[in-house]
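*Asks:* Here it is, the structure in full.
Read-outs: derived from the displayed coordinates by stated rules, not from any lab. If you're wondering where the values come from, they're calculated on a predicted model, not measured in any experiment. Here Cβ is always computed from backbone atoms with ideal geometry, including for glycine, and neighbour counts include all displayed protein chains.
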There are 2 protein chains.
Amino acid sequence: MKIPVVKQILTGNDQIAAENEQTFRENGVFALNLMAAPGAGKTTFILATIDHLPADVRPAVIEGDLASTIDADTISQRGVPVIQINTGGGCHLDAPMVRNSLPHFALSDIDLLFIENVGNLVCPSNFKLGTALSVVVSSTAEGHDKPYKYPGIFATADVVILTKADILEVFEFDREYFERGLKAVNQHAPLFVVSGRTGAGIDAWVAWLLDRRRGYTAAI
Amino acid sequence: MKIPVVKQILTGNDQIAAENEQTFRENGVFALNLMAAPGAGKTTFILATIDHLPADVRPAVIEGDLASTIDADTISQRGVPVIQINTGGGCHLDAPMVRNSLPHFALSDIDLLFIENVGNLVCPSNFKLGTALSVVVSSTAEGHDKPYKYPGIFATADVVILTKADILEVFEFDREYFERGLKAVNQHAPLFVVSGRTGAGIDAWVAWLLDRRRGYTAAI
């Protein structure tokens with residue numbers, strides 16, 4: 001007897017993520033999905049990255065939070081186009097939320113779109129947004145065991161950023177142990193060790209990011 | 001026309017949480033649900049609390065993690081009864097997980113049961129476990145804006161612990177701003193500022209905890 005095989009159909013979220021991806025491509029927008037625990041330093045890292053961009057790369061930011069506009073206010077004060085998504089209790093962004101926010105941007109004026117997800121090391125990794133790059137941000141303050149405890153999100157990362165490197169010794173952070181845990185779940189994602197506060201390591205990360213963006217725009 | 005009113009029925013999780021609560025009462029177990037972001041220092045805080053308990057108060061721990069037994073190993077090395085729940089990717093503990101773990105304990109030998117939830121400032125607050133006390137742990141390293149950004153979990157707290165107080169200045173942590181945000185969503189939960197590493201502030205917290213436990217056991 002022949003077993004019927006049902007072709008996997010995109011979920012509602014995946015379908016809208018694919019539409020977002022298409023919209024980004026059409027407008028030459030290189031979009032990043034930044035995922036991290038609460039307080040990892042995502043906003044500080046985004047701002048440090050923006051500070052190190054060449055003048056011809058125009059950034060914008062989508063801020064995801066359960067409530068408040070604290071981070072969006074910080075971004076806005078720097079003159080960067082920003083939209084706040086309040087999930088109203090939801091533990092992650094999803095593709096429809098991102099789609100609904102896009103009409104508020106002039107997309108053709110944006111080269112790099114940072115999407116700061118809700119602070120959460122679990123749920124965000126299960127919902128594609130249509131971005132070109134998944135960035136997992138982890139801070140030295142959280143401890144060196146995070147890849148072992150939250151393997152799912154580290155496995156989905158295209159790149160991993162270790163923030164708050166300026167206070168690595170304060171936390172007796174074992175970088176070798178962290179890297180071993182990361183490698184166990186993800187062999188391809190490079191790791192950048194940075195300090196958003198001092199700017200250390202940001203140059204190397206930005207060089208890599210711009211290189212990835214060049215590959216992306218060349219393929220459009 | 002009379003509008004039909006459907007009496008609220010307990011959800012599956014609430015029902016099992018009520019059963020857990022009953023089991024805890026019958027065995028004189030005072031159970032705590034510890035909720036925090038990844039890397040807030042829950043395990044270090046639990047161990048510091050255990051170190052400051054009087055000899056006649058017998059602790060035990062349930063560790064909730066997506067994967068690994070890192071925290072359970074740490075607890076076990078201290079000779080404290082511990083059970084690891086691996087959620088296999090789930091972003092929170094639920095009441096059935098706790099119920100299924102209880103047969104592994106000698107409940108009549110336990111006075112205080114610390115249930116360390118999955119590191120997450122969103123999802124755990126939506127699932128009762130049947131504990132007597134909801135404890136939200138937040139670290140100075142995460143920044144002083146957490147009650148504004150994650151109001152839901154802070155609203156459900158019976159008590160809030162601010163950890164890593166020994167490095168408060170490193171993060172330019174504005175305690176007054178944190179407390180104002182907490183008060184805005186929760187008027188009744190006391191705040192204890194502690195350092196699990198140095199032990200600072202643990203005595204005051206333990207005195208409060210034992211007082212709450214006395215009220216609980218007196219009412220059984």
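*Asks:* Which loop-located trypsin sites (Lys or Arg not before Pro) does segment B:29-108 contain, where loop means any DSSP state but H, G, I, E or B and the Cβ has at most 16 other Cβ atoms within 10 Å?
*Replies:* On the way: sites: B:Lys42, B:Arg78, B:Arg99; in loops: B:Arg78.
Within segment B:29-108, the qualifying trypsin sites (Lys or Arg not before Pro) (loop, at most 16 other Cβ atoms within 10 Å) are B:Arg78.
*Asks:* Under unit Cβ charges (Lys, Arg +1; Asp, Glu -1), what dipole magnitude, rounded to 20 debye, does the protein assembly as shown have relative to its Cα centre?
*Replies:* Rounded to the nearest 20 debye, it is 1000 debye.
*Asks:* Separate question: Going Cα to Cα from A:Lys2, which aspartates and glutamates come in below 17 Å? Please leave out same-chain ones fewer than 8 positions away.
*Replies:* Once the sequence-local aspartates and glutamates are set aside, nothing remains near A:Lys2.
*Asks:* Next question. Calculate the all-directions average of the projected area of the protein assembly as shown's alpha-carbon convex hull, and give it in nm².
*Replies:* Projected area, direction-averaged: 27.6 nm².
*Asks:* Which loop GluC sites (Glu not before Pro) in segment B:109-216, with loop taken from DSSP, have no more than 10 other Cβ atoms within 10 angstrom of their Cβ?
*Replies:* On the way: sites: B:Glu116, B:Glu142, B:Glu169, B:Glu172, B:Glu176, B:Glu179; in loops: B:Glu172.
Counting only loop positions with at most 10 other Cβ atoms within 10 Å, the GluC sites (Glu not before Pro) in segment B:109-216 are B:Glu172.
*Asks:* Please rank B:Ile110, B:Ile161, A:Ile3, fewest neighbouring Cβ atoms within 10 Å first, as an exposure proxy.
*Replies:* A:Ile3, B:Ile110, B:Ile161
*Asks:* Another question, then. For segment B:83-105 and segment B:150-164, what is the separation of their Cα centres, given in Å?
*Replies:* With segment B:83-105 and segment B:150-164 each reduced to a Cα centre, they are spaced 22 Å.
*Asks:* HN-Hα J couplings of segment A:157-163 from phi, Karplus 6.51/-1.76/1.60, θ = phi - 60°, integer Hz, Gly and Pro as x?
*Replies:* 6, 7, 7, 10, 10, 9, 9
*Asks:* Roughly how many debye, to the nearest 20, is the charge dipole of segment B:12-219 about its Cα centre, given +1 on each Lys and Arg Cβ, -1 on each Asp and Glu Cβ, and no other charges?
*Replies:* Magnitude of the dipole: close to 240 debye.
*Asks:* Which lysines, if any, have their Cα less than 19 Å from the Cα of A:Lys183, not counting same-chain residues under 8 positions apart?
*Replies:* Straight-line reach from A:Lys183, under 19 Å: A:Lys146, A:Lys149.
*Asks:* Can you compute the FRET efficiency between A:Asn126 and B:Glu26 using 1/(1 + (r/R0)^6), with r the Cβ-Cβ distance and R0 = 45 Å? Round to the nearest 0.05.
*Replies:* 0.75
*Asks:* Ok, one more. Per DSSP H run of n ≥ 4, the term is -39500 (n - 2.57); total these for chain A, divide by its residue number, and report the mean residue ellipticity at 222 nm rounded to 500 deg cm²/dmol.
*Replies:* Result for chain A: -10000 deg cm²/dmol, rounded to the nearest 500.
*Asks:* Name the most mobile residue of A:Ala31, A:Ala207, A:Ala72, meaning the one with the largest mean-square fluctuation, in a Gaussian network model of chain A with Cα contacts below 10 Å.
*Replies:* It is A:Ala207.
*Asks:* Please list, in order along segment B:19-28, the HN-Hα scalar couplings obtained from phi with the Karplus expression 6.51 cos²θ - 1.76 cosθ + 1.60 (θ = phi - 60°), rounded to whole Hz, x for Gly and Pro.
*Replies:* Each residue's phi maps through the Karplus curve to give 5, 4, 4, 4, 4, 4, 4, 4, 9, x Hz.
*Asks:* Give the residue from B:Ser139, B:Val80, B:Ala95 lying farthest towards the positive end of the charge dipole for segment B:12-219; charges sit on Cβ (+1 for Lys and Arg, -1 for Asp and Glu) and the dipole is referred to the Cα centre.
*Replies:* So the residue we want is B:Ala95.
*Asks:* When you take every Cα atom in chain B, what is the radius of gyration, and what is Dmax, the widest Cα pair distance, in Å?
*Replies:* Gyration radius and largest Cα-Cα distance of chain B: 17.4, 66 Å.
*Asks:* Relative contact order, percent, of chain A when contacts are C-alpha pairs under 8 Å separated by at least 6 residues?
*Replies:* 26 percent
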